[in-house]
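The values are calculated or read from the model by the stated rules, or taken from the named source; none is laboratory data. It should be emphasised that the depicted structure is a prediction, and the values quoted were computed from it without experimental measurement. Note that we place each Cβ from the backbone using ideal geometry, even for glycine, and neighbour counts take in every protein chain shown. Note: accessible area is taken over every heavy atom of the protein model, side chains too, but ligands, DNA and RNA are not part of it. Shrake-Rupley method; radii C 1.70, N 1.55, O 1.52, S 1.80 Å.
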Amino acid sequence: MSDDRNWTTDPSELLRVQPGFRLSEQPTDGSPGFRGDKTAGEEALADGGKRLADLQEQLFASGREGEPRSVLLVLQAMDTAGKGGIVSHVIGAMNPGGVRYAGFGKPTPEELAHDFLWRVWREVPGAGKVGVFDRSHYEDVLIGRVRERAPAEEIERRYGAINAFEKELTQSGTTVIKVMLHLGRDEQKKRLASRLERPEKYWKFNPADVDERLLWDAYQEAYQVVFDRTTSAYAPWFVVPADHKWYARIAVQQLLIRALEGLDLQWPQPDYDVEEQKCRLEQS
């Protein structure tokens, strides 16, 4: 964990889904473990960005030398919860050459011709990479369940397939961090309304967002089933309060920092004589 003094408790412990977790009981407007305000949060984000970038470079360098490990961040949320801001302000602090980003939208006809995990396997991060799934395989048990886009028995099968998929990832060296940005219903309404007040934001508004909003309770229930069925020791879920964008960003940043620090990465050792190369360079 970074040494920012405003963090009083490791958010990876506070935000982790534990047995007995109930989404309906979780506040959306808090800042668990952080005692500062928005200004302090923005300063922490800048400081944490430097630490995150250093750790990512170390992971990337290790991958170049044959170290198989990687990190995968899965982002799920209701519309306007701030996934894009996480990508821009948290992931954006890292070297893009070491990041594999995948934004999963509506499946194409080709993707629908395969099992739902087919397109997901194609986007998993390789050795030394930080992968980001902006929406993910969980769409197939969230929208799939709420909108009844697959038979009930197929939805049930998918929970087990997801667990097997994530276990295989972790066994091959990928650390999986699954984050649900927990946005309040009233806050979402404000954010959608603001898009309709600003011409430069019209493009971000989709009338379908209102349709999905009308199914809010069904989605909350679907998320609860996801947590009940797919949180595990090897691929835990973290629920991050998202009414305050600044907090959501620093919380996700800390989860990534914590995960990378937990890998105990070492800088690769050179396969050449450093002093000899210094001399050669001086004489060149």
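Structure data summary
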| quantity | calculated |
| --- | --- |
| Semi-axis lengths (Å, descending) of the ellipsoid that matches the C-alpha gyration tensor of the stretch 37-142 | 27, 21, 8 |
| Over 22 Å between alpha carbons, listed pairs 129/167; 167/245; 106/129 | 167/245; 106/129 |
| Whole-Hz couplings from phi, Karplus 6.51/-1.76/1.60, listed for the stretch 197-211; x for Gly and Pro | 9, 10, x, 6, 10, 3, 5, 7, 8, 10, x, 5, 4, 5, 4 |
| DSSP bridge pairs, the chain: antiparallel proportion in percent, nearest 5 | 10 percent |
| Cβ-placed point charges (K, R +1; D, E -1), dipole of the chain about Cα centre in debye, nearest 20 | 720 debye |
| Amide H partners (placed H, <5 Å) of residue 232, local residues excluded | 237 |
| Stokes-Einstein diffusion coefficient of the stretch 88-150, Kirkwood radius over Cα pairs, 4 °C, 1.567 mPa s, in µm²/s | 99 µm²/s |
| ³J(HN,Hα) computed for each position of the stretch 233-239 - Karplus, 6.51 cos²θ - 1.76 cosθ + 1.60, integer Hz, glycine/proline x | 5, 8, 9, x, 9, 10, 9 |
| Chain lengthening between residue 54 and residue 258 when straightened (0.36 nm per residue, less Cα-Cα) | 72.1 nm |
| Computed [θ] at 222 nm, helices only, for the chain once each DSSP H run of length n ≥ 4 contributes -39500 (n - 2.57) | -14500 deg cm²/dmol |
| Placed amide H near residue 131: partners under 5 Å, 5+ positions off or other chain | 71, 72, 73, 100 |
| Relative contact order, percent, the stretch 31-126 [alpha-carbon distance under 8 Å, six or more residues apart] | 34 percent |
| Phi-based couplings in Hz for the stretch 180-188 (Karplus 6.51, -1.76, 1.60; Gly and Pro marked x) | 10, 7, 8, 9, x, 5, 5, 5, 4 |
| Candidates 14, 183, 72, ranked by Gaussian network fluctuation over the chain, Cα under 10 Å, top entry | 14 |
| Probe 1.4 Å, all protein chains present, accessible-area order of 136, 232, largest first | 232, 136 |
| Accessible area of residue 190 in the full protein assembly, 1.4 Å probe (Å², nearest 10) | 130 Å² |
| Accessible area of the chain belonging to carbon and sulfur atoms, whole % at 1.4 Å probe | 48 percent |
| Residues of the chain: accessible area per residue with a 1.4 Å probe, Å² | 52 Å² |
| Partner aspartates and glutamates for residue 178 [C-alpha distance under 16 Å; skip if fewer than 8 residues away on the same chain] | 13, 123, 134, 139, 140, 166, 168, 228 |
| Contact order relative to length of the chain, as percent, for alpha carbon pairs under 8 angstrom and 6 or more apart | 33 percent |
| Surface/4 of the Cα convex hull for the chain, nm² | 18.6 nm² |
| GNM flexibility winner over the chain from 198, 213, 149 (Cα, springs under 10 Å) | 198 |
